[in-house]
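Taking it in order: structure first as structure tokens, then the write-up.
The values are calculated or read from the model by the stated rules, or taken from the named source; none is laboratory data. Being a predicted model, the structure only gives us computed values, none of them experimental. Neighbour counts run over all protein chains shown; Cβ positions are idealised from the backbone, glycine included. What goes into the accessible areas is simple: the full protein's heavy atoms, side chains included, and nothing from ligands, DNA or RNA. Shrake-Rupley method; radii C 1.70, N 1.55, O 1.52, S 1.80 Å.
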Amino acid sequence: MRYARVLCAAAGLAVGLAGQPATAQSDDRTAAEFDKFREVLEEANPAELWELKGEELWRQKRGPKNASLEQCDLGLGAGVLKGAYVQLPRYFADTGKVMDAEQRIVHCMITLQGFKYEDLANRPFSRGNYTPDPVSIVTYVAAQSREMKIAVPQSHPKERETYEIGRQIFFYRAGPWDFSCASCHGADGLRIRTQNLPNFTKPGAQAARSFIGWPGYRMTGGVMHSLQWRMNDCFRQQRFPEPGYASDTIAALLTYMAVNSNGQLYRGPGIKR
Amino acid sequence: MRKAIVFAGVAAVAAGCATMQDEAAYREQAVAWMKRDFHARGMAKTDRLNQDELQRACTQYNNNPPEALVKRVEAAEMAGIKLPADGKYLGDWKRGQRIASSGRGMTWSDKPGAAGGSCYNCHQLSPQQPSFGTIGPSLRGYGKTRGYTAENRKYVYQRIYNSKAFSMCSTMPRFGHSGTLNEQQIKDVAAYLMDPASPVNQ
């Protein structure tokens, strides 16, 4: 019942947003509407729908090996979910590399359940009524770190190395428009049209905008998106070729930004415009 | 005495130079990872990951390369600008307005040829368009305040064609150099900035 109400509110807003021309007035109106709806949604966050779906997917026996994900180790031991998300990306001895949350979930779906990477990478982003399973699962996992501080580890040498590689990727200028991530996210107070661009090179609250509210229910389109999607769409805007889904390049970028977010409070899956 | 000098040298390497070597090594790894992890999509092929000399230097020097290098590269970028054969730098500001407003072009979801200038993503221009970005300076009233001179018309054309000829590590894309905008499109956007009738100058 509660979910039905939320869904209707969200769908109404999504329709409203889609029909508006992109002007500052409508952006202001949109922002006001967004704030209003965020208030309504705060006590009944639409992300909870995907949390429930993700929990089901986590517990069910699925895939060619007919196994659940309950033995999946997200860094704190097999099946330990509480606090795992705010400590990812991190180093995993079994793969010998630093992995982000969704990449690790995909890894578990492959090793424990027998799914194929190619199938999972085929349509990895939400669209319309379609939500890929890893997106629901990462939403469920993220929700188990609600109201916890971001504490992404840098104690293993590989974790420090991955941070440095991520930093280099962040500042790497290339492509027909000579952009890097830093072109849009490397200084304070920048804006594209009316969208504020957080400065992810600045440790603390600004950088934490790369972490807080993700995975997020996106009002534009009314779908749940994870950081995998956000990275993909930013590389598109950067005029780069397409990064592999759940690849090490993305894990490195997420490591760089997440470590810069350390100490900030994570409130759980959220709402994004 | 000699020992002390050697020791100082080692310390210097450990403190400063080693860090720069590390940076270069990490950058090499970063490039290797990207080349392994990216694939072509639409018009965005993987050769886009290869840096030209300018991109490499701006990355390496954190957008602040040594003066001599800046002079040399800016001169080369300037020499690469193709000026219109008819000697006219301005086109139709109305068409220019559409190009300035369009954020399309060069992404994997764009069709080749369907390109805009994204000018409003980074600049304020016409007072009638309140949705503008702030990565670049405001260009409101540009022609009116700078003066509608022949020199300025040429400068604006060149700026749009290749901003890096004036500021090597500028955030502004090289619209002509990259083949994003053709000669007529650059003229049209230049007119949007420099035509006295354009809303930019009202």
Inset, instruction - Considering every residue within the range A:154-176, establish whether at least one is among the aliphatic types (A, V, I, L, M), modelled with pLDDT of 95 or more, under 27 Å from A:H107 (Cβ atoms) and more than 14 Å from the chain's Cα centre (by Cα). - result: yes
Inset, instruction - Would you check if A:Q60 is modelled with pLDDT of 95 or more and surrounded by 13 or more Cβ atoms within 10 Å (Cβ to Cβ)? - result: yes
Inset, instruction - State which residue is farthest from the other protein chains (Cβ to nearest Cβ) when the search covers only the range B:141-172 and only residues that are within 27 Å of A:C181 (Cα to Cα) and in a loop (DSSP other than H, G, I, E, B). - result: B:F166
Inset, instruction - Could you list, in sequence order, all residues of the range B:37-51 that are more than 8 Å from chain A (Cβ to nearest Cβ) and either more than 29 Å from B:G113 (Cβ to Cβ) or open to solvent by less than 50 Å² (accessible area, probe 1.4 Å) (or both)? - result: B:G42, B:M43
Inset, instruction - Give the range B:70-85 a look and list any residue that's surrounded by fewer than 16 Cβ atoms within 10 Å (Cβ to Cβ) and either assigned to a helix (DSSP H, G or I) or at the interface with chain A (Cβ under 8 Å from one of its Cβ atoms) (or both), or say none. - result: B:K71, B:R72, B:A75, B:A76, B:M78, B:A79
Inset, instruction - Filter the range B:143-165 down to residues that are touching a residue at least 24 places away in the same chain (Cβ under 8 Å), under 21 Å from the mean Cα position of the chain (by Cα) and open to solvent by 20 Å² or more (accessible area, probe 1.4 Å), then give me how many there are. - result: 5
Inset, instruction - Residues being open to solvent by less than 40 Å² (accessible area, probe 1.4 Å) and either part of a loop (DSSP other than H, G, I, E, B) or in contact (Cβ under 8 Å) with a residue 60 or more places away in the chain (or both): count how many of those fall in the range B:55-68. - result: 3
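Would you pick out the residues in the range A:126-156 that are part of a loop (DSSP other than H, G, I, E, B) and in contact with a Gly (Cβ under 9 Å, 6 or more places away or on another chain)?
A:S126, A:G128, A:Q144, A:S145, A:R146, A:E147, A:I150, A:A151, A:P153
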Inset, instruction - Say whether the condition of being within 10 Å of another protein chain (Cβ to nearest Cβ), open to solvent by less than 10 Å² (accessible area, probe 1.4 Å) and in a loop (DSSP other than H, G, I, E, B) is met by at least one residue in the range A:180-201. - result: yes
Inset, instruction - Only residues that are part of a loop (DSSP other than H, G, I, E, B) and touching a Pro at 6+ places or on another chain (Cβ under 9 Å): list them for the range A:251-273, please. - result: A:S261, A:N262, A:G263
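If you check A:G175 against the conditions, is it in contact with a strand residue (DSSP E or B) (Cβ under 9 Å, 6 or more places away or on another chain) and either surrounded by 20 or more Cβ atoms within 10 Å (Cβ to Cβ) or over 24 Å from B:E53 (Cα atoms) (or both)?
yes
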Inset, instruction - Give the number of residues within the range B:55-72 that are within 18 Å of A:Q168 (Cβ to Cβ) and of a type in the set (A, V, I, L, M). - result: 1
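For A:Q113, are the conditions met, namely being in contact with a Lys or Arg (Cβ under 6 Å, 6 or more places away or on another chain) and in a loop (DSSP other than H, G, I, E, B)?
The answer is yes for A:Q113.
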Inset, instruction - Tell me which of these A:L120 doesn't satisfy, since it passes every other one: (1) of a type outside the set (F, W, Y); (2) in a loop (DSSP other than H, G, I, E, B); (3) surrounded by fewer than 22 Cβ atoms within 10 Å (Cβ to Cβ). - result: (2)
Inset, instruction - Kindly indicate the residue of the range A:81-117 that is out of contact with any strand residue (DSSP E or B) (no Cβ under 8 Å at 6 or more places or on another chain) and among the aliphatic types (A, V, I, L, M) and also surrounded by the fewest Cβ atoms within 10 Å (Cβ to Cβ) among those meeting that condition. - result: A:A93
Inset, instruction - Provide a single number: the residues in the range B:86-126 that are modelled with pLDDT of 95 or more and assigned to a loop (DSSP other than H, G, I, E, B). - result: 23
Legend entry - Answer from B:Y26, B:Y89 - the residue that is within 12 Å of chain A (Cβ to nearest Cβ) and either without any contact (Cβ under 8 Å) to a residue 12 or more places away in the chain or aromatic (F, W, Y) (or both): B:Y26
